[in-house]
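Chemist: Have a look at this one before I ask anything.
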There are 2 protein chains.
Amino acid sequence: MSITTEVPTLVRVDLWRELGQQLRVDAIRATAVSGSGHPTSAMSGADLIAVLAEKYLRYDFDHPDHPNNDHLIFSKGHASPLLYALYKAAGAISDEELLTTRTLGSPLEGHPSAALPWVDVATGSLGFGLPVGVGIALAAKTVDPRPYRVWVLAGDSEMAEGSVWEAFEHAAHWQLDNLTVILDVNRLGQSGETMHGWDLDSYLDRSRSFGWAAFPVDGHDVEAIDRAYTLATAASERPSLIVARTVKGKGVAAVENQPGWHGKVLPDTEAAIAELGGMREIRIAPSLPPDAPPRRHYEAAPVTLPAYELGTLKSTRRAYGEALATLGDARDDVVAMDGEVSNSTFSGLFAERHPERFFEMFVAEQQMIAAAIGFGVRGLKPFTSAFAAFFSRAYDFIRMAAISRASLRIVGSHAGVATGEDGPSQMALEDLAMFRAVHGSTVLYPSDANQTAKLVELAANNPGITYLRTTRADTPVIYAADTSFSIGGSRLLRATADDDVTVAAAGITVHEAVKASELLADEGIRVRVLDLYSVKPIDRQALLESVTATGGRLVTVEDHWPEGGLGDAVFAALADSGLTIHAVKLAVRELPGSGRPAELLHTAGIDAEAIVTAVDALMGAAPW
Amino acid sequence: MSITTEVPTLVRVDLWRELGQQLRVDAIRATAVSGSGHPTSAMSGADLIAVLAEKYLRYDFDHPDHPNNDHLIFSKGHASPLLYALYKAAGAISDEELLTTRTLGSPLEGHPSAALPWVDVATGSLGFGLPVGVGIALAAKTVDPRPYRVWVLAGDSEMAEGSVWEAFEHAAHWQLDNLTVILDVNRLGQSGETMHGWDLDSYLDRSRSFGWAAFPVDGHDVEAIDRAYTLATAASERPSLIVARTVKGKGVAAVENQPGWHGKVLPDTEAAIAELGGMREIRIAPSLPPDAPPRRHYEAAPVTLPAYELGTLKSTRRAYGEALATLGDARDDVVAMDGEVSNSTFSGLFAERHPERFFEMFVAEQQMIAAAIGFGVRGLKPFTSAFAAFFSRAYDFIRMAAISRASLRIVGSHAGVATGEDGPSQMALEDLAMFRAVHGSTVLYPSDANQTAKLVELAANNPGITYLRTTRADTPVIYAADTSFSIGGSRLLRATADDDVTVAAAGITVHEAVKASELLADEGIRVRVLDLYSVKPIDRQALLESVTATGGRLVTVEDHWPEGGLGDAVFAALADSGLTIHAVKLAVRELPGSGRPAELLHTAGIDAEAIVTAVDALMGAAPW
């Protein structure tokens, strides 16, 4: 219930003005505590947020999990003091809490953190919040119809990010009239004026050409802002953009519209507060969301995964698609999206069976990851897929997803030189490094179809960012369908009590290692093959046991650059073991070209022959 | 000299038509060899390229280094068979060479490779070639005025990539009327229709709203194509876009405008060639570029780097800016660009001194890297800078730069939790992993101002991708100004003949390690501090010597996630040493929040106190 619903308009307008000043004052106070932060970027948006919060936002701060709550995303995350000032005005946090901003242990971080119950995603990397908002709005238009609106406060500087235009395309394509972006055009970036300054037409023209409804407004005229929001929320079958001309540092002459004040506290806090009319104690109660059915309950029936006969040929990418389609039969919270290569990643098999839960994201990997995060915010289990190499296009979004404590599954096909003729632009050779270095991530790299299917099922409930690497080529099924696998597990292939050398492999190189072990057996050398399909977390215990059993002799072999992948993971896991290791790391060291997969594995020195050579060298070296 | 300049128009039109068919036939033949590739994507663009090559392109194939040659970039790199067919028609390659396409060892890879003398950058990752084209065009409009034109063949699928819109913004902003993009709208992506199909207006409206001159055309009507090129090349002070309606697989009924034929060879090569009228032997000689002064000779005078007094406080980010400005005094081939944070990275110091060689790239990291690649193509030495975390936005471009054999320097500030109050979105904690896993890269992480200055100078001539990580906070100068540093080197601090433990550190943790060694000295424990400022290549020899000297006892400490950074690099370097290692890896394991830098280093367990604890544990463990 709003305390303001019965006041006449004139008084309400005054309330908005006063609330805007209060938000400025509190933003200044919040940043003064740590002596750092972005008060001037908060002050430009204060009137826009005041009107929004008091009249338009429908949000139950006591129940942040209300399924019909609006979503408010500060894509310009550096305006966090404005967000925290709003939380205080709405009674969600106390003044004491506000004044912990940016101090150790406070959830009121320098940029919005998902540790706060009202924050959907961490922001602070420009151009990230808006695409996530598209995902949240898309969920309400498709798999879980809801009456909420997504409001995104965006900065003019971030309009330079390509990711923003991916979001503009997709929001129009999906006709997201439940999405309103408030563009705070304060003209000044961090180090100077933006490319377009106060040329509002540049934003209006661009957004309209992308199919949006766009409305210019003076961002400090609360009555005009009110009218603009009314127009925006009336837009039908298209998203809406408010292009607001604002003044950075608005209300404090010492900094107002001045360059050089980005990310700096005001020179005189007390004087600034006085100039803004002093502290106020306005408390607002945003409108509550409409009643509606409870949060959708998703079904999760037992999954009967596909089972593959030993020895049959099946690519792990196809096994991914088959497992995902089956998973989708069993549980209706699974959604999938693809970067316009679903016939290569085989997510198309899911699309055929569950078209209503499949989303074609075209060649826009950043928007794909952002949409997945948005679906996750709404309680769904997103799987995304593309050529593994092209997730490098979305690495910042993956980084921010982890910081946002999001859970999503990323499946990259066409890994390594085994990709073959297409050449290096299509070969992921850095993806293991890239995904290992994501906070809290899981990195899986199956070698056969049954293993893939099991790992896909496990991935569905795995928290954080789960990456699964698949291979383009058909490979033989080497595990029986009832073999058990686990995140953090491994499988020992071809082990005896008196093995000479451990070969640690994953994915495509498991097959090469098995071949090498057969060749070496002919020489009388016993190799145990350790399949480290869980690259992160790695099965340290199994690794220790194997390496101990083989007297410290170890070969790692991976279809990846030498840095940051399987070998690095193995050696780091052994670093505190106190074991004496004699190891060879086989990896791709030269830039590959085109060729058949087997030719390229050979040229790179990661095939069975190279493993044999490495093992022979280890066996030949003193003291053996 | 063109063989066609004297033929009347009617005949020339017939020539274009015939040449278009020849390019189709040869594209089909080139892909038939390996049984893989993208003939249908080549066939849609064949008429566009035929007219371009015969009449508009000014290129001396015998002298690919001619400074006034036009640049032709296939941003839709999968249309490479069309490019190779053009090379054959121009006499640059033989038919025998054409028929090596996609086979092992051939420079005619599945996607264009920079191993070919006429290819500026590798393409194949959609949305990459166009932004590089912007960089090449920008060079000709600024530091090295030249009459060349940059032609980019783009696909409609890649218009979904945000990077394309960064390029559209920048090309208009810099008024690049020497850039023409040919958009091959064949309607069909890999797995289905594109978002906009044949709605040419969607592309015309968007590009015009971004400030481009845009012209629709039937992409198979050679006379209309001719007129469109004439209009495009007449556009003044703005880039131009040809929006060509084309048919995928044009000319062969079995595949023409059919879904399901992306990236597949034709079902019947012989029949297809017959349907196209058989093989032809047309040979064209593109117009030569205008005569002009020889390739610009850049000066490289001796550099007098800034020198800092021992003990003074100076952040490495500021030292970067000061060194770069000085480097710019000495050599005029150094150009710098920044992602709108030049007052934080201190590239602004270069901008003040050399404004004509500084480029504000706004918050568009992908376009920044692409522009740097473009400047590199033109023989310049680009330095790029931004917050280190935000280079994750451009990781695919960095990957493609390496595949393109480009040389550029990337400087990331605000590394690690030492960034402080701004919180995790602003902290690079994966950048060492990310840059280590780039082919042929160099990764540098200086700890003081004198070291930074030396490494900046070395970076200027270092081939490949050179990454330099700087720190936000002021830190004491610990090396005398005449200390020598090298790529692949290290420095041993505080070593004695009978040290107990090696602490391997870099950057901010060097200071913590020095503090820890002082604290431990009070306990009677002798620690040697190894400054591994060259994270890649790492100084394996020095590492081996130190670790051997300290009986295998080793602590690594880094302001980075545990994966892929300094610790992994160290343990991988020791893997084949045969040494018995007892190591502790200190790294950032929990998601940080806001706080003062010292607080966050402490909370993360990577400060002097944590190092002391780790050393004590190693000394207390059996058998010591």
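Chemist: Residue check: is B:Ser413 crowded, with 24+ Cβ neighbours inside 10 Å, within 14 Å of another protein chain (Cβ to nearest Cβ), within 30 Å of B:Thr304 (Cβ to Cβ) and in contact (Cβ under 8 Å) with a residue 60 or more places away in the chain?
Modeler: The answer is yes for B:Ser413.
Chemist: Mind listing just one residue for me: the one in region B:370-390 that is within 12 Å of chain A (Cβ to nearest Cβ) and touching a residue at least 60 places away in the same chain (Cβ under 8 Å) and, of those, farthest from A:Ala388 (Cα to Cα)?
Modeler: Checked region B:370-390; the qualifying residue farthest from A:Ala388 (Cα to Cα) is B:Ser385.
Chemist: Assess whether B:Gly127 counts as being within 12 Å of chain A (Cβ to nearest Cβ) and under 16 Å from A:Gly423 (Cβ atoms).
Modeler: For B:Gly127, the condition - within 12 Å of chain A (Cβ to nearest Cβ) and under 16 Å from A:Gly423 (Cβ atoms) - is not met.
Chemist: Which residue pairs have Cβ atoms closer than 8 Å, lie 6 or more positions apart in sequence or on different chains, and pair a first residue in region B:325-341 that is more than 13 Å from every other protein chain (Cβ to nearest Cβ) with a second residue that is of a type in the set (Lys, Arg) and in a strand (DSSP E or B)?
Modeler: B:Arg331/B:Lys381; B:Asp333/B:Lys381; B:Val334/B:Lys381; B:Val335/B:Lys381
Chemist: Could you name every one of the strands (runs of 3 or more DSSP E) located completely within region B:436-489 that has at least 2 residues being within 14 Å of chain A (Cβ to nearest Cβ)?
Modeler: Here the list reads B:442-444, B:465-469.
For (1) part of a loop (DSSP other than H, G, I, E, B); (2) crowded, with 22+ Cβ neighbours inside 10 Å; (3) under 22 Å from the mean Cα position of the chain (by Cα), each residue gets a yes or a no:
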residue	(1), (2), (3)
B:Tyr298	yes, no, no
B:Val303	yes, no, no
B:Tyr308	yes, yes, no
B:Ala336	no, yes, yes
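Chemist: Are any residues in region B:567-586 facing another protein chain (nearest Cβ under 7 Å) and part of a strand (DSSP E or B), and if so, which ones?
Modeler: Answer for region B:567-586, where residues must be facing another protein chain (nearest Cβ under 7 Å) and part of a strand (DSSP E or B): B:Thr580, B:His582, B:Ala583, B:Val584, B:Lys585.
Chemist: Return yes when A:Arg596 is open to solvent by 40 Å² or more (accessible area, probe 1.4 Å) and either aliphatic (A, V, I, L, M) or over 30 Å from B:Ser404 (Cβ atoms) (or both) and no when it is not.
Modeler: For A:Arg596, the condition - open to solvent by 40 Å² or more (accessible area, probe 1.4 Å) and either aliphatic (A, V, I, L, M) or over 30 Å from B:Ser404 (Cβ atoms) (or both) - is not met.
Chemist: Let me ask something else about it. Quick check on my filter: what residues within region A:416-429 are outside any loop (DSSP other than H, G, I, E, B) and either more than 12 Å from chain B (Cβ to nearest Cβ) or within 15 Å of the chain's Cα centre (by Cα) (or both)?
Modeler: Result: A:Ala418, single match.
Chemist: In this structure, is A:Gly551 assigned to a loop (DSSP other than H, G, I, E, B), within 8 Å of another protein chain (Cβ to nearest Cβ), small (Gly, Ala, Ser) and in contact with a Ser or Thr (Cβ under 9 Å, 6 or more places away or on another chain)?
Modeler: Judged against the criteria, A:Gly551 is not a match.
Chemist: So, in region A:351-364, of the ones that are touching a strand residue (DSSP E or B) at 6+ places or on another chain (Cβ under 6 Å) and within 14 Å of chain B (Cβ to nearest Cβ), which residue ends up surrounded by the fewest Cβ atoms within 10 Å (Cβ to Cβ)?
Modeler: If we take residues in region A:351-364 being touching a strand residue (DSSP E or B) at 6+ places or on another chain (Cβ under 6 Å) and within 14 Å of chain B (Cβ to nearest Cβ), then A:Phe358 is surrounded by the fewest Cβ atoms within 10 Å (Cβ to Cβ).
Chemist: Any residue in region B:252-274 that is within 14 Å of B:Ile28 (Cβ to Cβ) and open to solvent by 70 Å² or more (accessible area, probe 1.4 Å) sitting within a Cβ distance under 7 Å of a residue that is assigned to a loop (DSSP other than H, G, I, E, B) and aromatic (Phe, Trp, Tyr)? List the pairs, counting only those 6 or more apart or interchain.
Modeler: Pairs that qualify, where the first residue is within 14 Å of B:Ile28 (Cβ to Cβ) and open to solvent by 70 Å² or more (accessible area, probe 1.4 Å) and the partner is assigned to a loop (DSSP other than H, G, I, E, B) and aromatic (Phe, Trp, Tyr): there are none.
Chemist: Just name the residue that is farthest from A:Gly211 (Cα to Cα) out of those in region A:160-176 that are within 7 Å of chain B (Cβ to nearest Cβ) and open to solvent by 10 Å² or more (accessible area, probe 1.4 Å).
Modeler: Top of the filtered list is A:Ala160.
Chemist: Check off (1) open to solvent by less than 30 Å² (accessible area, probe 1.4 Å); (2) among the basic types (Lys, Arg); (3) under 26 Å from B:Leu188 (Cα atoms) for A:Arg318 and give me the number that stays unchecked.
Modeler: Of (1) open to solvent by less than 30 Å² (accessible area, probe 1.4 Å); (2) among the basic types (Lys, Arg); (3) under 26 Å from B:Leu188 (Cα atoms), only one is false for A:Arg318: (1).
Chemist: From (1) in contact (Cβ under 8 Å) with a residue 24 or more places away in the chain; (2) small (Gly, Ala, Ser); (3) more than 19 Å from A:His582 (Cβ to Cβ); (4) more than 10 Å from chain B (Cβ to nearest Cβ), pick out the condition that doesn't hold for A:Gly564.
Modeler: (4)
Chemist: Does region A:227-238 contain at least one residue that is under 30 Å from A:Gly263 (Cα atoms), more than 13 Å from every other protein chain (Cβ to nearest Cβ) and open to solvent by 20 Å² or more (accessible area, probe 1.4 Å)?
Modeler: Among the residues of region A:227-238, not one is under 30 Å from A:Gly263 (Cα atoms), more than 13 Å from every other protein chain (Cβ to nearest Cβ) and open to solvent by 20 Å² or more (accessible area, probe 1.4 Å), which makes the answer no.
Chemist: Looking at (1) open to solvent by less than 20 Å² (accessible area, probe 1.4 Å); (2) within 13 Å of chain A (Cβ to nearest Cβ); (3) under 22 Å from A:Asp338 (Cβ atoms), which is the only condition B:Met195 fails?
Modeler: Of (1) open to solvent by less than 20 Å² (accessible area, probe 1.4 Å); (2) within 13 Å of chain A (Cβ to nearest Cβ); (3) under 22 Å from A:Asp338 (Cβ atoms), only one is false for B:Met195: (1).
Chemist: Only one of A:Gly507, A:Gly488 is within 21 Å of A:Leu432 (Cβ to Cβ), surrounded by fewer than 17 Cβ atoms within 10 Å (Cβ to Cβ) and within 32 Å of the chain's Cα centre (by Cα); which?
Modeler: Checking each option against the conditions leaves just A:Gly488.
Chemist: Still on this structure: Can you confirm whether region A:316-325 contains a residue that is at pLDDT 95 or above, of a type in the set (Lys, Arg) and part of a loop (DSSP other than H, G, I, E, B)?
Modeler: no
Chemist: Right, here's the next one. Let me spell it out: the conditions are (1) in contact with a Ser or Thr (Cβ under 6 Å, 6 or more places away or on another chain); (2) under 20 Å from B:Ala573 (Cα atoms), and B:Ile508 meets all of them except one. Which number is the exception?
Modeler: (2)
Chemist: Also: Quick check on region B:524-536. Is at least one of its residues under 15 Å from B:Val443 (Cβ atoms) and of a type in the set (Ser, Thr, Tyr)?
Modeler: yes
The values are calculated or read from the model by the stated rules, or taken from the named source; none is laboratory data. Just so you know, these numbers come straight off a predicted model, no measurement behind them. So basically every Cβ, Gly included, is an ideal-geometry build from the backbone, and we count neighbours across all protein chains shown. With ligands, DNA and RNA removed, areas are computed over all heavy atoms of the protein, side chains included. Shrake-Rupley method; radii C 1.70, N 1.55, O 1.52, S 1.80 Å.
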